[in-house]
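Since every read-out is calculated from the coordinates, none of them should be taken as a lab result. The shown structure was predicted, so the numbers you read here are calculated from the model rather than taken from an experiment. Quick reminder, even Gly has a Cβ in these numbers, built from the backbone with ideal geometry, and neighbours come from all protein chains shown.
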Amino acid sequence: MSEALTPERDARTQELKRRLDAVQLRIADATAAAGRTDDPPRLIVVSKFHPADDVRRLATLGVSDFGENRDQEASQKADVLSGLGIRWHFVGQLQSKKAKTVVRYAHAVHSVDRPQLVESLARAMAAEQERSGRDSLDCFIQVSLDDDPAAHRGGAAPADVPVLADQLEEAGGLRLAGVMAVAPLGADPDRAFAKLADISARLQASHPAAVAISAGMSQDLEAAIRFGATHLRIGSDILGSRPAVR
Ligand SMILES: *Cc1c(COP(=O)(O)O)cnc(C)c1O
C-alpha cells in the first residue's frame, strides 16, 4: 500500500469514512426501526466508475463486499485487489458470453433474469470447478417491478420467477440465493419493495433456502430495510456521484 493510502494521512480515506459512517448510521436506525437488530442487512458498496484505490480505502475501513456492473471494470479491479479477501457482487445486466469471466471473480451474480444466462453460468461454473475447485456461485433472480412492461429496465417478469428458480436449483454449481430488484424510477419505493417482498415469500414457499432479498440503493435503503432487504447495494452516498465520462 502506498504511503498516500495510510488512513490517517489520506484525505479521501477520511471523506470515505465520514460518508460510510453516515450510511451505516442510516442502516442501523432503519434496522432498529424495523425490529431487525438481530438480523441486519449486509452492505454491498457499489464501486462502479470509481477507482480501485477507493475500494482499497474502503476495505481498510472494514468493507468486505463490493458491487460492480461491468465485467471488464470488475475483473480488472478484482485482479488488482486480489488478496484483500473482497467478495465481488455482479449487479449489472450480464451478457451470456461474459459468464465465463464473471465466475472467475464474482462471489454472487444479482442479475440473473433469463434461462439462457442460467445455462451459460452453469456451464461456466462447471469449467471453473475443474479449474479452481471452487464450489458454487450465489445467484439472485432479478425481477422487474415495473407495472409498465414498456418501461422495462432489466429483470424477469414476476411470473417467470418459478421457472428460473427451478432451473437454478437443478444446475450444478449455482446456488439460488433469492431475488433482486431496482425500484422503478419515480415509483413509490415502499410499494415497489412490498411487491418484491411478496415475490420473495412466494419463492420461499417452494424454495425455502432462497431467503435473500437484494434491494435498496442510496435513495431508498430505508424502505428496502422495512420490507426485508438482506443485501443493500449502495454507491453514490458512500463514494460520491459517479463521473459522467471516463
Ligand atoms: C449503481 C447501482 C447501485 C447503486 O446505486 P446508488 O444510487 O449509487 O446507491 C445499486 N444497484 C445497481 C443495480 C446499480 O447499478
Segment 77-212 shape via C-alpha gyration tensor axes, a/c threshold 1.5 | prolate
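Tally Lys and Arg at +1 and Asp and Glu at -1 over the other residues with C-beta under 11 Å from the C-beta of Ala171: what net charge comes out?
Numbers: positive: Arg123, Arg175; negative: Glu119, Asp166, Glu169, Glu170.
Computed value for this residue: -2.
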Cα-projected label distance for Ala32 with Asp79, points at 7 Å along beta-carbon direction, nm = 4.5
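If you take the square roots of the eigenvalues of the alpha-carbon gyration tensor of segment 3-239 and sort them as a ≥ b ≥ c, do you get rounded (a/c under 1.5), prolate (a/b over b/c) or oblate?
Details: a/c = 1.83, a/b = 1.16, b/c = 1.57.
Because a/c hits 1.5 or more and a/b fails to exceed b/c, segment 3-239 counts as oblate.
Pairs of Cα atoms under 8 Å, at least six residues apart: use those to get the relative contact order of the chain, whole percent.
Values: 420 pairs, mean separation 48.2, N = 246.
So the answer I get is 20 percent.
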Please list the non-local residues whose amide H lies under 5 Å from the amide H of Ser111, H modeled 1.01 Å from N, same-chain partners needing a gap of 5 or more.
-> Phe140
Could you let me know the centre-to-centre spacing of segment 38-93 and segment 118-181, using Cα atoms, in angstrom?
-> 20
Starting from the amide H of Arg42, placed 1.01 Å from N in the peptide plane, find each other amide H under 5 Å away whose residue is 5 or more places distant or on another chain.
-> His231, Leu232
Fully extended contour minus Cα-Cα distance, from Ala11 to Ala52, at 0.36 nm per residue | 13.1 nm
Can you tell me the order of 214-222, 127-135, 95-103 when each peptide is scored by its average per-residue count of other Cβ atoms within 10 angstrom, highest first?
-> 214-222, 95-103, 127-135
What is the local net charge at Glu68, summed over the other residues whose Cβ is closer than 10 Å to its Cβ (Lys, Arg +1; Asp, Glu -1)?
-> +1
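Quick one: grab the alpha carbon gyration tensor of segment 29-87, order the square roots of its eigenvalues as a ≥ b ≥ c, and give me rounded if a/c is under 1.5, else prolate or oblate depending on whether a/b is larger than b/c. If you can, show how the numbers build up before the last one.
Values: a/c = 2.82, a/b = 2.21, b/c = 1.28.
Judged from the Cα gyration tensor, segment 29-87 comes out prolate (a/c at least 1.5, a/b above b/c).
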